[in-house]
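**Student:** Pasting a structure here, questions to come.
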Amino acid sequence: MPLASAWLHTIDPYTVKLWDGGPIRWYGLAYLVGFFLAFLLIKRVARVGQSPLEPGRASDLVITLAIGIVVGGRVGYAAFYSPSLFGFTASFPYWNLLDFSGGGMASHGGMIGGCVAAWWFAWRHKLSKLHIVDLLAFGAPLGLFFGRVANFINGELFGRRVSADFPLAVRFPQEAFESPAVYDALITAYGGPLPRNWLDLLQAGDTALRQGALVAVPARHPSQLYAATLEGLIVFAVLAVLWWKPRRAGVIGGAFGVAYALMRLVNENFRQPDAHLGEQALGLTRGQWLSVPLLVAGLTLIVIACVKKTPRLGGWRRAAEPS
């Protein structure tokens, strides 16, 4: 029937769960897989392309970038979405910014942190800064893909409401933690107070909770999977086509900025805005507004590369032809 036509999200976010809250989540594994794939791509370019980066230093670069991305992603989330994380508490870990248990990473912040790390690595090893940024950009999209898939598994950053008979519609019971109205509706549909670990029971297959969730939880777009496709796979495909052969240093980094910004601008139309932020000026979301300067920066980087005629570097398909 129509109410049950939307798929109910009951995926356990833990790969291995030996105690409440740990120790291994799909989200963490997604980061590891993303960084490993970035390492393989960067090493490929260093090995077969025209690159000043020695293949043996690819792992050093990826570790440096990983630190920059994680730090930038966390600080960016606090700055762009939740300034209260800069505050302190009387309990461990004392600084809210270090408390990752509740999640909170911003892709735009991760990009800023990654660029800072890339420029530091290039300065430290006397390499082309624009080329190292290109390598960062080439390795990033597949990491973004797995990160967005992990967002879907976690049941977070879900989409806007949609008809329950929409073929891709999903009901995210995790919404009850964010919406008092959904939580109250779930209590009513369940027929009484919810157990403390009601989500765990639902994910384990509790029939009464499942029936209640199918009635109380609204159907939504799986915007995380849209983002995985748009911001991850499509952006990677664009860069892979462009970097088939060496390009002027900075072009790939600029192309990433443009492609990601455009894909994010599109996908935000399907993603539910953060409850405490909502839609902002001109009806755009915070994510869309953050994508505007990224788009401008990407275009600027491409123009600089072309005007200054930076050296042609990189390429993942074959070594550069003599020019």
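The values are calculated or read from the model by the stated rules, or taken from the named source; none is laboratory data. Not measured: the values here are computed from a predicted model. Quick reminder, even Gly has a Cβ in these numbers, built from the backbone with ideal geometry, and neighbours come from all protein chains shown. Keep in mind that these areas ignore ligands, DNA and RNA; they rest on the heavy atoms of the full protein, side chains included. Shrake-Rupley method; radii C 1.70, N 1.55, O 1.52, S 1.80 Å.
**Student:** Please compute the length gained on full extension between L282 and R161, using 0.36 nm multiplied by the number of residues separating them and subtracting their Cα-Cα distance.
**Tutor:** Stretched fully, the L282-R161 segment lengthens by 41.5 nm.
**Student:** Also, quick follow-up: Need the list of lysines near K43 for cross-linking: C-alpha distance under 16 angstrom, and skip anything on the same chain fewer than eight residues off.
**Tutor:** Straight-distance partners of K43: K245.
**Student:** If one takes the longest principal axis of the Cα atoms in the chain, at what angle in degrees, from 0 to 90 and to the nearest 10, does the Cα axis of helix 26-48 lie?
**Tutor:** 20
**Student:** Multiply the residue gap between I67 and T229 by 0.36 nm, knock off their C-alpha separation, and tell me the result in nm, one decimal place.
**Tutor:** Contour length minus Cα-Cα distance gives 55.8 nm.
**Student:** Continuing with the same structure: What percent does the relative contact order of the stretch 133-226 come to when contacts are Cα pairs within less than 8 Å and at least six residues apart?
**Tutor:** Averaging sequence separation for qualifying contacts and normalising by length gives 43 percent for the stretch 133-226.
**Student:** Any idea what angle helix 286-307 forms with the longest principal axis of the chain, computed on alpha-carbon atoms, 0 to 90 degrees, nearest 10?
**Tutor:** Value to nearest ten degrees: 10.
**Student:** Return the calculated 222 nm mean residue ellipticity for the chain, to the nearest 500 deg cm²/dmol, obtained by summing -39500 (n - 2.57) across DSSP H runs with n ≥ 4 and dividing by the residue count.
**Tutor:** So the helix-based figure for the chain works out to -17500 deg cm²/dmol.
**Student:** Moving on. Give the aspartates and glutamates whose C-alpha is closer than 17 Å to that of K308, dropping any in the same chain fewer than 8 places away, or say none.
**Tutor:** Of all the aspartates and glutamates, those that pass the test against K308 - Cα under 17 Å, at least 8 places apart if same chain - are D134.
**Student:** I'd like the carbon and sulfur percentage of the solvent accessible area for the chain, probe radius 1.4 Å, heavy atoms only, ligands and nucleic acids excluded.
**Tutor:** 67
**Student:** Here's something else I'd like to know. Given Cα pairs under 8 Å that are at least 6 residues apart, what percent is the relative contact order of the chain?
**Tutor:** It comes to 23 percent, rounded to a whole number.
**Student:** Skipping prolines and chain starts, which residues have an amide H placed within reach, meaning under 5 Å, of the one on T15, given they are 5 or more residues away or on another chain?
**Tutor:** Amide H neighbours of T15, under 5 Å, 5+ apart: I24, R25, W26.
**Student:** Once phi is turned into ³J(HN,Hα) by the Karplus curve 6.51 cos²θ - 1.76 cosθ + 1.60 with θ = phi - 60°, what whole-Hz value does each residue of the stretch 252-258 show in order, with x for glycine and proline?
**Tutor:** The phi angles translate into 5, x, x, 5, 4, x, 5 Hz.
**Student:** Can you bin every Cα-Cα distance in the stretch 67-131 into 5 Å intervals starting at zero and give me the percent of pairs per bin, rounded to whole numbers?
**Tutor:** 4, 19, 22, 19, 13, 10, 8, 4, 1, 0
**Student:** Quick one: net charge of L313's neighbours, Cβ under 12 Å, K/R +1, D/E -1?
**Tutor:** After counting each charged neighbour, the total is +4.
**Student:** Tell me, what HN-Hα J-couplings in whole Hz come from the Karplus equation 6.51 cos²θ - 1.76 cosθ + 1.60 at θ = phi - 60° for each residue of the stretch 192-208, using x for Gly and Pro?
**Tutor:** Residue by residue, the stretch 192-208 yields x, x, 7, x, 4, 9, 4, 5, 4, 5, 4, 5, 7, x, 4, 5, 5 Hz.
**Student:** Which value does Rg/Rh take for the stretch 1-156 over its C-alpha atoms, Rh per Kirkwood?
**Tutor:** The Rg/Rh ratio comes out at 1.05.
**Student:** Let me ask something else about it. Note the full-extension length gain between V296 and W123 as 0.36 nm times their separation in residues minus their Cα-Cα distance, in nm to one decimal.
**Tutor:** 59.8 nm
**Student:** With everything on Cα atoms, drop me the angle between helix 58-80 and the longest principal axis of the chain, reported from 0 to 90° to the nearest 10.
**Tutor:** So the helix axis and the longest Cα principal axis differ by about 50 degrees.
**Student:** Using the Karplus curve 6.51 cos²θ - 1.76 cosθ + 1.60 with θ = phi - 60°, what ³J(HN,Hα) values do you get for each residue of the stretch 126-140, in whole Hz, with x for Gly and Pro?
**Tutor:** 6, 10, 5, 4, 5, 5, 5, 5, 4, 5, 4, 5, 5, x, 6
**Student:** Looking at the chain, I'd like the Rg to Rh ratio, where Rg is from alpha-carbon atoms and Rh is Kirkwood's inverse mean 1/r.
**Tutor:** That ratio equals 1.02.
**Student:** Further question: Amide H of R247: which non-local residues (sequence gap of 5 or more, or other chain) have their own amide H closer than 5 Å, using H built in the peptide plane?
**Tutor:** HN-HN under 5 Å from R247: L313, G315.
**Student:** Using modelled amide H (1.01 Å from N, peptide plane; none on Pro or chain starts), what sits under 5 Å from the amide H of R271, excluding residues fewer than 5 places away?
**Tutor:** Distant-sequence amide H within range of R271: R160.
**Student:** Looking at the stretch 192-323 from every direction and averaging, what is the projected area of its Cα convex hull in nm²?
**Tutor:** Over every viewing direction, the Cα hull of the stretch 192-323 projects on average to 12.4 nm².
**Student:** Here's a follow-up. The chain: longest stretch without exposed trypsin sites (Lys or Arg not before Pro) (DSSP loop, at most 15 other Cβ within 10 Å), sites themselves excluded?
**Tutor:** Answer from the scan: 1-125.
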